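Right, one structure below, let's go through it.
The values are calculated or read from the model by the stated rules, or taken from the named source; none is laboratory data. Remember, predicted model here, so these are calculated numbers, not experimental data. All Cβ positions, even for glycine, are placed from backbone atoms using ideal geometry, and neighbour counts span all protein chains on display. To get the accessible areas, we keep the full protein, side chains included, count just its heavy atoms, and leave off ligands, DNA and RNA. Shrake-Rupley method; radii C 1.70, N 1.55, O 1.52, S 1.80 Å.
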Amino acid sequence: MLKRSLSRSAYGTGWSSTRRALLIAAILLTLIAVSGLAATLTGQGDRHSDSADSPAPASPSSPTAPASSANPQAGTGSVPAPPRIADPVAFAKRAAAMLWSYDTRDTSRDEQIAGMERWMTKESQYSDWLSVSAQVPDPTLWSRMADQQQRASAALAEGHYPAAFKQALAEDPTAITKAYIYAVTVTGKQRITWAKGGGGAEDRSVTLAVQCRPSHDCSLVAIAPRVAP
């Protein structure tokens, strides 16, 4: 989400072995052994360099508790509600747009977190909330961004299932039927603007894990630490 001026988010911190094993099992179950996607989804995150004209300096984000426990009364500001979509690719594109967009002029940090949390799966055994909430900068940096009236919007290019995911699914189509979690890679562009006419744009890409059970709307499971082609 806030990568351009926030620097490298929690991708660099890695996942705990328990979370990583749980998410891998949920996404591809036994297919991981033959697909090679495990290396893609559990490797170190790609790091994007900061733009020279960005007003906010690089700063890692601090771990963030789920919105429901951090501030139960928080609104959601400009963060959109999750769409009622049953298609994994369509949902992942909307989720990526949400993650790459923010507006510190009318949305507090707590509201940003609360809005993002609404997109998450309610099945706690699969949810990796930390991989999502860690995209939000720490309170000090958010405050500095707000002082600059910083905001971002997203323009999406395309979304697709990673090649390794499609291969694994073709080899065993029934393996996904336990958790119905799909890997989807989304590409696009994030444009950031701030006070006094400052601004810039950056190409973005992300691999998301999304859950789309039959006859249910999709929800977000996690952000993979590395983009899967």
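For the range 216-228, 3J(HN,Hα) computed residue by residue from phi via the Karplus equation (6.51, -1.76, 1.60; θ = phi - 60°) reads 10, 5, 6, 8, 8, 9, 6, 9, 5, x, 8, 6, 9 Hz, glycine and proline entered as x. Relative contact order of the range 68-194: 31 percent, from C-alpha pairs under 8 Å at least 6 residues apart in sequence. How many percent of the alpha carbon pairs in the range 81-219 exceed a separation of 23 Å? Beyond 23 Å sits 39 percent of the P(r) for the range 81-219. Per-residue accessible area (protein heavy atoms, 1.4 Å probe) orders 189, 166, 178 as 178, 166, 189, starting from the largest. Remark: accessible surface ordering of 177, 76 (largest first) is 177, 76, probe radius 1.4 Å. Take residue 216: with every protein chain present and a 1.4 Å probe, its accessible area is about 110 Å². Database remark: amide H of residue 86 closer than 5 angstrom to the amide H of 218 (H placed geometrically; neighbours at sequence offset of 5 or more, or on other chains; Pro and chain starts carry no H). Sorting the segments 143-149, 208-214 by their mean number of nearby beta carbons within 10 angstrom, highest to lowest, gives 208-214, 143-149.
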